[in-house]
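**Student:** Quick one: structure below, then a few questions.
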Amino acid sequence: GHVLAPSRARHSCKEAGGRMQPFQNEKAQLIMTLRGMGIVDADVLSAIEQVPREMFVARALQAHAYENASLPIAMDQTISQPYIVAMMSAALQLTGRERVLEIGTGSGYQAAILSFLCRRVYSIERLRPLLVDADNRLREIRVTNVTTRLGDGAGGWPEAAPFDRIILTCAPPVIPDMLLNQLKIGGIMVAPVGRDRNQQLVTIRRSEAGFEEATLLPVKFVPLVED
Ligand code: SAH
């Protein structure tokens, strides 16, 4: 009958003891690619293995979910390339105990990855339709340690500050002071900074003495838009 969709038939196949996961081969291939590109953090690779990226993109793009490529999401935004997600996640040097602020929830994919690597993620998105979808997906995959809010992330999340880590997935021309101020001493921030054709991914460490910045690589993120 029509109820048994082709994908369903594939997933219920009895290979691997009947526990065949969708995209298992594509996932394994992506992990190998990321290893080859220098991502060695086992916890980060394991998070990438566990989060179903196909659920964070439109149905028409699901076949491409495990390519190492950025993909469009709704409202002209993009979900980052897995290599960049992995690299930024690793740069945060998470131990599992941290409270992390993310600016730019987008699809919720980066937040889902972080949810496996820290205690709690606070994620801010300015576009309501994206946030609604992200919340629904996170609930569906049973991620319970991500708290989201609608708004302009440039002001951070004062009620939950300070944070052990801060990650920006949209690029400001310069890092807003409000965000620097919400980073704990001993904390790390990872962010794309700069205008369209001239962005760099940077890490900023806060110590008693101040802020120390290091440049990782040139990147191309959507801009941080202030409301
Ligand atoms: N981390 C996301 C990537 C989303 S792209 C993911 O994994 O899918 C960057 C997001 O930043 C977009 O959704 C955009 O709407 C959002 N954004 C841009 N400026 C913002 C701001 N000032 N505050 C909060 N979110 C912002």
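**Student:** Between Ile166, Ile124, Ile141, which is more than 12 Å from the ligand (Cβ to nearest atom) and touching a strand residue (DSSP E or B) at 6+ places or on another chain (Cβ under 6 Å)?
**Tutor:** Ile166
**Student:** Can you run down the residue pairs with Cβ atoms below 9 Å, 6 or more apart or on separate chains, where the first is in segment 99-111 and free of Cβ contacts under 8 Å to residues at least 40 places away in the same chain and the partner is near the ligand (Cβ under 7 Å from one of its atoms)?
**Tutor:** Ala111/Glu102; Ala111/Thr105
**Student:** Give the residue that is nearest to Gln110 (Cα to Cα), with candidates limited to residues of segment 197-227 that are in a strand (DSSP E or B) and of a type in the set (S, T, N, Q).
**Tutor:** Thr203
**Student:** Another question, if that's okay. Arg99 passes all but one of (1) within 14 Å of the ligand (Cβ to nearest atom); (2) crowded, with 17+ Cβ neighbours inside 10 Å; (3) not hydroxyl-bearing (Ser, Thr, Tyr); which number fails?
**Tutor:** Exception for Arg99: condition (1).
**Student:** Residues in segment 116-132 that are surrounded by 24 or more Cβ atoms within 10 Å (Cβ to Cβ) and closer than 14 Å to Ala47 by Cβ: how many?
**Tutor:** Residues in segment 116-132 being surrounded by 24 or more Cβ atoms within 10 Å (Cβ to Cβ) and closer than 14 Å to Ala47 by Cβ: 1 in total.
**Student:** Taking only segment 37-84 into account, find how many residues are without any contact (Cβ under 8 Å) to a residue 24 or more places away in the chain, within 10 Å of the ligand (Cβ to nearest atom) and small (Gly, Ala, Ser).
**Tutor:** Total meeting the criteria: 1.
**Student:** Another one. Would you check if there is a residue in segment 100-110 being farther than 25 Å from Phe211 by Cβ and either of a type in the set (Asp, Glu) or at pLDDT below 95 (or both)?
**Tutor:** Checked against the condition, which is being farther than 25 Å from Phe211 by Cβ and either of a type in the set (Asp, Glu) or at pLDDT below 95 (or both), segment 100-110 yields no hits at all.
**Student:** Please enumerate the residues belonging to segment 129-159 that are of a type in the set (A, V, I, L, M), within 26 Å of Ile48 (Cβ to Cβ) and in a helix (DSSP H, G or I).
**Tutor:** Leu130, Leu131, Val132, Ala134, Leu138
**Student:** Another one. Hey, could you check segment 206-219 for residues that are exposed (fewer than 15 other Cβ atoms within 10 Å of the Cβ) and either within 16 Å of the ligand (Cβ to nearest atom) or among the charged types (D, E, K, R) (or both) and say which is farthest from the chain's Cα centre (by Cα)?
**Tutor:** Going through the qualifying residues, I end up with Glu208.
**Student:** Can you say whether Leu183 is more than 14 Å from the ligand (Cβ to nearest atom), buried (at least 21 other Cβ atoms within 10 Å of the Cβ) and either under 30 Å from Thr33 (Cβ atoms) or modelled with pLDDT of 95 or more (or both), as far as the supplied structure shows?
**Tutor:** Answer is yes for this residue.
The values are calculated or read from the model by the stated rules, or taken from the named source; none is laboratory data. As the structure is a prediction and not an experimental result, all values here were calculated from the model. Methodologically, a virtual Cβ is constructed for each residue, glycine included, from the backbone with ideal geometry; neighbour enumeration extends over all protein chains shown.
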